[in-house]
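Trainee: One structure, as structure tokens, below. Some questions next.
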Amino acid sequence: MGYVHIKKEKCIGCEQCVVVCPFEALFMKDGIVEVIPDKCKECRKCLPACPTEALYLERRERRGQRPEHGIDVTVDLPPELARYKGVWVMVEQQDGTPHSVSWELMGEGLKISQKLGVELSAVVLGENVDGIRREAFQYGAQNVYVIDDPVLKDYRTYPYTFAMTKLVNKHKPEILLMGATSLGRDLAGAVATSLKTGLTADCTKLDVDEAARVLLQTRPAFGGNIMATILCANHRPQMSTVRPRVMSRPYKDESRDGTPIVEQLGLAEEKIRTKFIEFIPDAVAHVVNLDDADIIVAGGRGVGCDEGFSVLKELAEVLGAELGASRAAVEAGWIDYEHQVGQTGKTVRPKIYFACGISGAIQHLVGMQNSDVIIAINNDPNAAIFSVATYGIVGDMHKIVPELIKQFKDKKNK
Amino acid sequence: MHSVVCIKQVPDTTEVRIDPKTNTLMREGVPSIVNPFDMHAVEAALKLRDEYGGKVTVITMGPPQAVEALRRVKTLGVDRTILLSDRAFAGSDTLATSYIITQAVKKIDSEDAVDLVLCGKQAIDGDTAQVGPGIATRLNMPLVTYVIDIDSVDTEKKTITLKRSVENGRTALCVEYPMLMTVLKELNEVRYASLPNMILATNFKAEVWNKDDIGAEMKNMGLDGSPTAVRKIFSPPVRECGEMIPHGIEQPDVAVHNLIEKLSHNKTI
Ligand SMILES: Cc1cc2nc3c(=O)[nH]c(=O)nc-3n(C[C@H](O)[C@H](O)[C@H](O)COP(=O)(O)OP(=O)(O)OC[C@H]3O[C@@H](n4cnc5c(N)ncnc54)[C@H](O)[C@@H]3O)c2cc1C
Ligand SMILES: Cc1cc2nc3c(=O)[nH]c(=O)nc-3n(C[C@H](O)[C@H](O)[C@H](O)COP(=O)(O)OP(=O)(O)OC[C@H]3O[C@@H](n4cnc5c(N)ncnc54)[C@H](O)[C@@H]3O)c2cc1C
């Protein structure tokens with residue numbers, strides 16, 4: 001008798017195989033699955049359950065045909081859920097200012113809605129949100145659902161969850177997208193739980209299986225070291241939060257407008273056990289603006305010292321750019337944390353990103369690899385940063401950066 | 001004040017990598033730790049106990065080895081530790097995980113009323129930050145995520161004044177408890193283990209609860225209770241390799257000139 005074998009290096013410890021095994025032949029040890037050979041009956045149930053193909057049977061292994069995105073999508077939707085139609089984007093706002101991720105999601109939502117042949121709708125919650133409602137139409141919404149109520153003035157989980165759940169239960173969208181911001185991740189977790197549906201966190205890529213109408217949601221996990229594609233095949237709506245500055249903002253058509261679908265909240269302030277006291281803005285937030293910079297000049301450990309950053313600053317001034325940094329440079333104390341780019345810093349998407357003396361660790365790359373053009377300067381020809389660079393120069397940045405300053409200045413003066 | 005803290009045992013993910021050659025997850029030999037954010041949740045609960053009296057109960061859901069996570073927090077002086085462990089829990093997504101933990105909190109509450117549930121901001125392996133909001137919603141408790149300051153507790157009115165961190169600042173809130181909060185590392189500094197507590201921890205036995213102990217239904221747990229499924233795992237995508245501009249070492253001026261030419265040619269600058 002044979003039994004299932006395990007490629008231990010592929011096992012991620014998700015336990016999906018353990019659960020499907022009818023013979024209790026699989027168990028977890030130190031986060032990795034192990035098999036009890038005597039109990040395994042080679043029923044093969046565990047093979048498709050494994051997302052990483054870590055399980056195999058010797059000799060008789062078969063490979064099925066898979067669609068282009070590499071995932072077999074099977075759906076078994078109850079009829080009442082199959083009626084859910086349309087793509088929704090939650091437009092997040094604070095004091096009447098929308099968060100840019102909401103418009104990025106409108107662009108992404110439009111692509112998905114077109115593939116599915118359904119409408120794209122925006123949801124606007126707040127107090128006095130007329131301007132945002134109009135902007136939502138301008139960014140491509142075909143419908144805008146609005147709940148305008150003083151109770152929704154400042155974000156609090158309960159009233160926003162109440163409002164969103166009410167809208168979803170009434171109008172039944174098949175997909176609901178929110179920004180992976182402090183508001184979006186708080187709200188989405190609560191809404192998905194009250195709707196008893198699936199939620200995928202912090203996605204960096206969305207696609208859709210048109211035939212099955214299932215969203216393919218891709219997100220980083222394990223601190224950005226791996227990517228996972230997640231499906232919510234049999235529940236509606238399919239919900240995701242999406243990381244800011246990963247998708248591009250669509251064209252804004254100033255001439256567009258429409259009639260919103262207005263609903264009432266129906267929730268009294270007395271019922272809410274959380275009181276808003278005040279918002280205290282960060283002192284430095286507006287000084288360093290990596291979010292809106294067209295050009296970012298970033299330095300890493302290779303900069304070497306405080307003075308090294310003064311040279312980078314000069315280049316930034318010549319180009320009208322903002323200064324960025326790797327964590328190593330921040331930890332060395334050469335530059336403030338507000339400038340840090342990467343997993344534990346800012347995610348940026350400028351037109352040009354200069355990476356000077358930065359090795360290209362994955363935690364740095366996740367924060368800048370969506371830049372339009374990346375220019376890498378590093379004295380190590382094998383540095384990982386070159387694998388994401390549009391243009392790379394191998395050399396000493398202390399010679400190259402001054403040369404960049406000189407030549408850009410000359411060019412400007414011409 | 002009776003606080004229940006939810007902690008998760010996680011691999012020390014800073015050391016988990018995908019082998020670029022074989023495209024597989026290199027996880028063997030990676031040590032297990034208590035999710036770092038959860039240590040700060042435990043510390044917050046201990047501080048509240050120091051100040052207002054009461055009790056700290058810590059729960060974790062996981063395989064039998066997760067008892068080590070409970071041992072770790074026992075060294076900090078928590079009162080009660082409970083391991084939620086059952087085959088039926090395996091494969092749970094965040095919706096199912098929040099169900100299982102909620103069932104346990106309800107049972108704890110029935111024995112000894114719970115004032116506060118604390119979670120970490122997120123687990124460093126799953127990284128979803130969804131379990132805390134899930135538990136709060138199921139328990140119908142007010143939720144505050146990303147807590148960075150606990151300013152004061154009014155035990156008469158049963159309210160907590162605190163601040164949550166948002167993108168460009170902080171929001172101050174006053175919340176009635178029982179409530180649930182998820183905390184950031186900046187909230188506090190985790191205390192050191194004391195010698196007496198370390199000795200206690202060496203001989204301790206955690207309570208272990210299975211699905212029947214918490215009255216959990218099969219349809220809400222594991223794969224059946226999980227709307228989401230991880231279907232594919234891969235290395236982060238790398239951008240297409242671009243163009244290397246030569247002569248950077250011996251003739252930096254020429255290399256820079258060529259770079260600027262290309263940028264102008266493509267109208268980048
Ligand atoms: C959980 C976690 C989160 C993290 N979050 C972040 C984050 O948000 N952002 C981030 O950046 N990092 C983050 N890191 C750290 C990351 O793993 C790297 O350690 C860090 O990005 C390295 O910074 P660096 O490239 O500047 O330094 P190094 O890796 O030391 O690279 C320095 C580079 O400079 C080059 N160099 C040296 N001298 C010169 C010279 N004269 N001219 C040209 N090149 C030169 C070297 O060849 C080398 O490639 C995180 C790590 C962990 C574990
Ligand atoms: C690669 C990968 C991607 C995944 N993506 C998703 C996804 O997008 N959506 C989804 O629903 N599920 C997802 N899952 C499943 C998810 O990781 C598990 O459900 C896990 O049990 C809880 O999620 P988390 O680790 O993200 O915890 P988080 O929600 O990030 O944890 C927040 C806090 O909740 C508490 N907590 C979490 N787990 C436990 C526990 N076991 N015991 C006690 N307290 C706990 C801790 O206080 C923790 O700090 C994914 C799993 C993997 C392997």
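The values are calculated or read from the model by the stated rules, or taken from the named source; none is laboratory data. What you see is a predicted model, and the numbers here were worked out from it, not measured in a lab. Heads up, the Cβs are rebuilt from the backbone with ideal geometry, glycines too, and the neighbour counts pull from every protein chain shown. Ligands, DNA and RNA are stripped out before the accessible areas are found, and what is left, the full protein with its side chains, is counted by its heavy atoms. Shrake-Rupley method; radii C 1.70, N 1.55, O 1.52, S 1.80 Å.
Trainee: Tell me, what HN-Hα J-couplings in whole Hz come from the Karplus equation 6.51 cos²θ - 1.76 cosθ + 1.60 at θ = phi - 60° for each residue of segment A:366-378, using x for Gly and Pro?
Mentor: 4, x, 9, 6, 8, 4, 5, 10, 10, 10, 10, 10, 7
Trainee: Computing the accessible area with a 1.4 Å probe over protein heavy atoms, can you report the carbon and sulfur percentage for segment A:18-167? If you can, show how the numbers build up before the last one.
Mentor: Numbers: 3350 of 7110 Å².
That share works out to 47 percent.
Trainee: At 222 nm, what helix-only mean residue ellipticity would chain B give, in deg cm²/dmol to the nearest 500, using -39500 (n - 2.57) for each DSSP H run of four or more? Intermediate results must be reported in sequence, preceding the final value.
Mentor: Values: 6 runs with 74 residues, N = 269.
Result for chain B, helices only: -8500 deg cm²/dmol.
Trainee: Under the rule of -39500 (n - 2.57) per DSSP H run of 4 or more residues, summed and divided by the residues of chain A, what mean residue ellipticity at 222 nm is obtained, to the nearest 500 deg cm²/dmol? Can you show the working numbers first?
Mentor: Details: 11 runs with 111 residues, N = 414.
Helix-only estimate at 222 nm: -8000 deg cm²/dmol.
Trainee: Going by the alpha-carbon gyration tensor, a ≥ b ≥ c the square roots of its eigenvalues, is segment A:250-290 rounded (a/c under 1.5) or, if a/c is not under 1.5, prolate (a/b greater than b/c) versus oblate? Don't jump to the answer; show the numbers that get you there.
Mentor: Numbers: a/c = 4.92, a/b = 1.02, b/c = 4.84.
Note, shape of segment A:250-290 comes out oblate.
Trainee: For segment A:206-248, take the convex hull of the Cα atoms, compute a quarter of its surface area, and give me that in nm², please. Write out the running numbers ahead of the final one.
Mentor: Values: hull surface 15.0 nm².
The directionally averaged projection comes out at 3.7 nm².
Trainee: Sticking with this structure for a sec: I want the local charge near A:K39. Using Cβ-Cβ distances under 14 Å, sum +1 for each Lys or Arg and -1 for each Asp or Glu among the other residues. Write out the running numbers ahead of the final one.
Mentor: Details: positive: A:K41, A:K45, B:R87; negative: A:E24, A:E34, A:D38, A:E42.
Once positives and negatives cancel, what remains is -1.
Trainee: When Lys and Arg each count +1 and Asp and Glu each count -1, what net charge do the other residues less than 13 Å away from A:F279, Cβ to Cβ, add up to?
Mentor: Numbers: positive: A:K153, A:R156, B:K163, B:R164, B:R170; negative: A:D95, A:D154, A:E278, A:D282, B:E167.
Neighbourhood net charge equals 0.
Trainee: Can I ask one more? Sequence-distant or interchain residues sharing an amide H contact under 5 Å with A:C203, placed H: which?
Mentor: Those qualifying (amide H under 5 Å, at least 5 residues apart or on another chain) are A:T241, A:V242, A:R243.
Trainee: Too long at a 22 Å Cα-Cα cut-off: which of A:K170/A:K196; A:K252/B:K262; A:K252/A:K351; A:K111/B:K267; A:K275/B:K158; A:K172/A:K205?
Mentor: Working: A:K170/A:K196 15 Å; A:K252/B:K262 31 Å; A:K252/A:K351 19 Å; A:K111/B:K267 28 Å; A:K275/B:K158 13 Å; A:K172/A:K205 24 Å.
Checking Cα-Cα distances, A:K252/B:K262; A:K111/B:K267; A:K172/A:K205 exceed 22 Å.
Trainee: Still on this structure: Report the rotationally averaged projected area of segment A:285-413 based on its alpha-carbon convex hull, in square nanometres.
Mentor: Working: hull surface 28.0 nm².
Its Cα hull, projected and averaged over all orientations, spans 7.0 nm².
Trainee: Still on this model: Under a cut-off of 16 Å between alpha-carbon atoms, report the aspartates and glutamates in cross-link reach of A:K399, not counting same-chain residues fewer than 8 places apart.
Mentor: A:E307, A:E314, A:D380, B:E250, B:D253
Trainee: Near A:K10, which aspartates and glutamates are there with a Cα under 15 Å away, not counting those fewer than 8 places off in the same chain?
Mentor: Counting by Cα, and skipping residues close in sequence, A:K10 has these aspartates and glutamates nearby: A:D30, A:E34, A:E53, B:D19, B:E28.
Trainee: While we're looking at this one, here's another question. Label chain A by shape, choosing from rounded, prolate and oblate, from the square roots a ≥ b ≥ c of the eigenvalues of the Cα gyration tensor; if a/c is under 1.5 it is rounded, and otherwise prolate applies when a/b is larger than b/c, oblate when it is not. Don't skip to the answer; put the middle values down first.
Mentor: Details: a/c = 2.04, a/b = 1.14, b/c = 1.79.
Oblate.
Trainee: Additional query: Accessible area per residue of the protein assembly as shown at 1.4 Å probe, in Å²? Could you put the intermediate results ahead of the total?
Mentor: Numbers: 29520 Å² over 683 residues.
So the protein assembly as shown comes to 43 Å² accessible per residue, rounded to a whole number.
Trainee: Another question, then. Estimate the FRET efficiency between B:E189 and B:E156 by the formula 1/(1 + (r/R0)^6), using the beta-carbon distance for r and 25 Å for R0, to the nearest 0.05.
Mentor: 0.30
Trainee: Counting only protein heavy atoms, probe 1.4 Å: which residues of segment A:184-217 lose 40 Å² or more of accessible surface in the full assembly compared with their chain by itself?
Mentor: Checking the loss per residue gives A:R185, A:D186, A:T193, A:K196, A:L199.
Trainee: Okay, moving on. What residues in segment B:80-100 lose 10 Å² or more of accessible surface when the other protein chains are added to their chain alone (1.4 Å probe)?
Mentor: Listed in order, they are B:R87, B:A90, B:G91, B:L95.
Trainee: Still on this structure, I have one more. How much length is gained if the chain between A:V262 and A:K351 is pulled fully straight, taking 0.36 nm per residue apart and subtracting their Cα-Cα distance, in nm to one decimal? Could you put the intermediate results ahead of the total?
Mentor: Working: separation 89, 0.36 × 89 = 32.04 nm, distance 3.87 nm.
Full extension of this stretch gives 28.2 nm more.
Trainee: Next up: Normalising by the residue count of segment B:119-160, find the relative contact order in percent from Cα pairs under 8 Å and 6+ residues apart. Walk me through the numbers on the way to the answer.
Mentor: Details: 22 pairs, mean separation 10.0, N = 42.
After rounding, I find 24 percent.
Trainee: Does segment B:2-220 come out rounded, prolate or oblate by the C-alpha gyration tensor, with a ≥ b ≥ c the root eigenvalues, rounded set by a/c under 1.5 and, if not, prolate when a/b is larger than b/c and oblate if not? Provide the component values of the computation, followed by the final result.
Mentor: On the way: a/c = 1.36, a/b = 1.27, b/c = 1.07.
Since a/c stays below 1.5, the shape of segment B:2-220 is classed as rounded.
Trainee: Using a 10 angstrom cutoff on alpha carbons, build the Gaussian network for chain B and name the most mobile of B:K55, B:K211, B:K232.
Mentor: Top of the fluctuation ranking is B:K232.
Trainee: Further question: Take segment A:151-244, drop everything but the C-alpha atoms, weight them equally and run the Debye formula without solvent; then report log10 I(q)/I(0) at 0.25 Å⁻¹ to two decimals.
Mentor: For segment A:151-244, the Cα-only Debye profile gives -1.32.
Trainee: Give the dimensionless ratio obtained when the Cα radius of gyration of segment A:67-271 is divided by 2.2 N^0.38 Å. If you can, show how the numbers build up before the last one.
Mentor: Working: Rg = 16.2 Å, N = 205, 2.2 N^0.38 = 16.6 Å.
Output field value: 0.97.
Trainee: Can you pull the one-decimal nm distance between simple spin-label points at A:T74 and A:K29, each 7 Å off the Cα toward Cβ?
Mentor: 3.1
Trainee: For chain A, can you list the cysteines whose C-beta has no other cysteine C-beta under 4.7 Å from it?
Mentor: Taking the Cβ cut-off of 4.7 Å, the unpaired cysteines of chain A are A:C11, A:C14, A:C21, A:C40, A:C43, A:C50, A:C203, A:C232, A:C305, A:C356.
Trainee: What whole-number value in cubic angstrom gives the convex hull volume per residue for the C-alpha atoms of segment B:125-183? Don't jump to the answer; show the numbers that get you there.
Mentor: Values: hull volume 4.9 nm³, N = 59.
Taking the convex hull of the Cα positions in segment B:125-183, it is 83 Å³ per residue.
Trainee: Here's a follow-up. Within the accessible area of chain B, what % is carbon and sulfur when the probe is 1.4 Å and the other protein chains stay in place?
Mentor: Values: 5970 of 11740 Å².
The C+S portion of the solvent-accessible surface of chain B is 51 percent.
Trainee: Quick check: residue separation of A:C305 and A:I280 times 0.36 nm, minus the Cα distance between them. What number comes out in nm?
Mentor: Values: separation 25, 0.36 × 25 = 9.00 nm, distance 3.39 nm.
Stretched out fully, the A:C305 to A:I280 stretch lengthens by 5.6 nm.
Trainee: Run the quick spin-label model on A:E210 and A:Q142: label points 7 Å from Cα toward the beta carbon, then report their separation in nm to one decimal.
Mentor: Roughly 1.5 nm, to one decimal.
Trainee: Please give the total accessible area that chains B and A bury against each other, computed with a 1.4 Å probe and expressed in Å² to the nearest 100. Intermediate results must be reported in sequence, preceding the final value.
Mentor: Numbers: alone 15830 and 21690 Å², together 29520 Å².
The summed interface area works out to 8000 Å².
Trainee: Right, another one. Taking R0 as 51 Å, what's the FRET efficiency between A:D292 and B:D79 from their Cβ-Cβ distance, rounded to 0.05? Please list the in-between numbers first.
Mentor: Working: r = 50 Å, r/R0 = 0.98.
It comes out at approximately 0.55.
Trainee: Could you work out the local net charge near A:D294, counting Lys and Arg as +1, Asp and Glu as -1, over the other residues with Cβ closer than 12 Å to its Cβ? Don't skip to the answer; put the middle values down first.
Mentor: Details: positive: A:R349, A:K351; negative: A:D291, A:D292, A:E322, A:D372.
Residues near A:D294 contribute -2 overall.
Trainee: Check A:T52: other-chain or 5+ apart residues with amide H under 5 Å from its amide H, H built from backbone geometry?
Mentor: none
Trainee: Under 5 Å between amide H atoms, partner at least 5 residues away or on a different chain: which partners does A:V144 have, H built in plane at 1.01 Å?
Mentor: Here A:A122, A:I261 satisfy the definition.
Trainee: Based on Cβ point charges of +1 for Lys and Arg and -1 for Asp and Glu, what charge dipole magnitude is obtained for the protein assembly as shown about its Cα centre, in debye rounded to the nearest 20? Display every interim value, and only then the final one.
Mentor: Numbers: 81 positive and 91 negative charges, 328 e Å.
Roughly 1580 debye for the protein assembly as shown.
Trainee: Another question about this same structure. If packing is taken as the average count of other Cβ atoms within 10 Å, what order do A:73-80, A:191-198 fall into, highest mean first? Show your work: numbers first, answer last.
Mentor: Values: A:73-80: 11.0, A:191-198: 23.0.
Those peptides, ordered most packed to least, come out A:191-198, A:73-80.
Trainee: Please state the relative contact order of chain A as a whole percent: Cα pairs under 8 Å, 6+ residues apart? Please report the intermediate quantities before stating the final value.
Mentor: Working: 809 pairs, mean separation 46.4, N = 414.
Once divided by the residue count of chain A, the mean separation gives 11 percent.
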